[in-house]
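Just below is one structure, and these are the notes that go with it.
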Amino acid sequence: MRRLGSVQRKMPCVFVTEVKEEPSGKREQQPFKVLATETLSHKALDADIYSAIPTEKVDGTCCYITTYKGQPYLWARLDRKPNKLAEKRFKNFLHSKQNSKEFFWNVEEDFKPVPECWIPAKEIEQLNGNPMPDENGHIPGWVPVEKNNKQYCWHSSVVNYEFEIALVLKHHPDDPGLLEISAVPLSDLLEQTLELIGTNINGNPYGLGSKKHPLHLLIPHGAFQIRNLPTLKHNDLLSWFEGCREGKIEGIVWHCNDGCLIKVHRHHLGLCWPIPDTYMNSKPVVINMNLNNNNLLCAFGLGFIVYAQLTSETFKENFGLVPDPIFTPLPLAPHNVLLHPPLQSSVILSLFTLNFLFLSPQTSLVSFIKKKKVD
């Protein structure tokens, strides 16, 4: 399968949009809505949207992995925004009836300062070597996530630079019906963009973790492909979002052959987000760690490993749960762990201090611990 595109700029909607003077359901204090019409946009048609790969739009914050200080690093999104005077001029221009002329930006004077380590996002327009703002007046960019930077503490919780690994959530390679949490080398993710989700990100729409035990994970963009999407018609997509289990997602991102990314959000169709019982929450999860790798165990502060031979009776006695012979998504309270069915009678149980084992009762994610065979 070809490598899918990365998110380096604002994605256009698959439909032509229109503005309605009604309070936004997406952003507080926004007095208008941006809604999709029934007409496909020229950008979507030019990018051959019909042959694109549709994927789930995940609700988090965008990240990027590229080199910094000679090694793979996680970078956080930081858009360079105009200062107050420039922003006022730009808003006046947008609301002017005589705005047929192009707005002129002085990049050196009109924008707020950014850290020296800031880099502009790829694919943005350049003029005389300077990155130019998008249609919203922002210059998309990135800053490296330093280990001790409190502003990006939740970003840094999913990476370890000493061992150059990241905590990643994606489909299980052998079973598309399962999700898998694993430690992935940062070098394998170079030049990719990912979505950081979790307890303290964007209001936590997936209900992961808790204040006491926060949970954060990275999801590569394009990781969750949509298999049975209806035709590219407004009403068909609306019915799919409203009536299908797979439609309980934030939106869709189409990865086109030319690298272009096209999206539709539930709000474009007048639908609510966030919603209860998302499609992601309905899937069981395998926690896949190589217990033979001592470096891996140290990397995320694993307190200890308890090796226990468990039968169904002792499992029930210790945890109050009986391993289910099928993958049934159930609410998972802290410290309750469901085993991968093939490992019911004899398992290696790992009791991690790693935060991702302490899922909150609100989440429907079911965690299975999978032991890799000893070589």
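Quick rundown of the values:
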{"item": "Residues of the stretch 26-77 satisfying the condition of being among the basic types (Lys, Arg), within 22 Å of the chain's Cα centre (by Cα) and more than 16 Å from His268 (Cα to Cα)", "result": "Arg77"}
{"item": "Any hit, the stretch 142-149, residues being farther than 21 Å from Leu194 by Cα, among the basic types (Lys, Arg) and loosely packed, with under 14 Cβ neighbours inside 10 Å", "result": "no"}
{"item": "Sole residue being surrounded by fewer than 21 Cβ atoms within 10 Å (Cβ to Cβ) and either aliphatic (A, V, I, L, M) or touching a strand residue (DSSP E or B) at 6+ places or on another chain (Cβ under 8 Å) (or both), chosen from Val34, Val58", "result": "Val34"}
{"item": "Qualifying residue in the stretch 107-115 (condition: out of contact with any strand residue (DSSP E or B) (no Cβ under 9 Å at 6 or more places or on another chain) and open to solvent by less than 50 Å² (accessible area, probe 1.4 Å))", "result": "no"}
{"item": "Residue in the stretch 79-99 that is closer than 22 Å to Leu218 by Cα and not small (Gly, Ala, Ser) present", "result": "yes"}
{"item": "The lone exception for Leu94 - which of (1) touching a strand residue (DSSP E or B) at 6+ places or on another chain (Cβ under 7 Å); (2) farther than 24 Å from Pro144 by Cα; (3) hydrophobic (A, V, I, L, M, F, W, C) it fails", "result": "(1)"}
{"item": "Subset of the stretch 174-196 [closer than 16 Å to Gln225 by Cα and at pLDDT below 90]", "result": "Asp174, Asp175, Pro176, Gly177, Leu178, Leu179, Glu180"}
{"item": "Odd one out for Asp79 among (1) of a type outside the set (A, V, I, L, M); (2) touching a strand residue (DSSP E or B) at 6+ places or on another chain (Cβ under 6 Å); (3) buried (at least 16 other Cβ atoms within 10 Å of the Cβ)", "result": "(2)"}
{"item": "Filter result (in a strand (DSSP E or B), free of Cβ contacts under 8 Å to residues at least 60 places away in the same chain and more than 16 Å from Val159 (Cβ to Cβ)) within the stretch 171-211", "result": "His171, Asp175, Pro176"}
{"item": "Total residues in the stretch 222-257, condition outside any loop (DSSP other than H, G, I, E, B) and either hydrophobic (A, V, I, L, M, F, W, C) or over 19 Å from the mean Cα position of the chain (by Cα) (or both)", "result": "14"}
{"item": "Matching entry among Leu232, Leu271, Leu218, Leu208 (being within 23 Å of Ala76 (Cβ to Cβ), open to solvent by less than 30 Å² (accessible area, probe 1.4 Å) and at pLDDT 90 or above)", "result": "Leu218"}
{"item": "Conditions (1) without any contact (Cβ under 8 Å) to a residue 40 or more places away in the chain; (2) more than 30 Å from Ala183 (Cα to Cα); number of the one not met by Asn149", "result": "(2)"}
{"item": "Members of the stretch 120-133 that are open to solvent by less than 40 Å² (accessible area, probe 1.4 Å) and in a loop (DSSP other than H, G, I, E, B)", "result": "Ala121, Ile124, Met132, Pro133"}
{"item": "Evaluation of Asp48 against (1) on the phi > 0 side of the Ramachandran plot; (2) free of Cβ contacts under 8 Å to residues at least 24 places away in the same chain (one fails), failing number", "result": "(2)"}
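The values are calculated or read from the model by the stated rules, or taken from the named source; none is laboratory data. All values reported here derive from a predicted model rather than from experimental measurement. Cβ coordinates were reconstructed from backbone atoms using ideal geometry, including for glycine residues, and neighbour counts include every protein chain displayed. Surface areas here come from the heavy atoms of the whole protein model, side chains and all, with no ligands, DNA or RNA. Shrake-Rupley method; radii C 1.70, N 1.55, O 1.52, S 1.80 Å.
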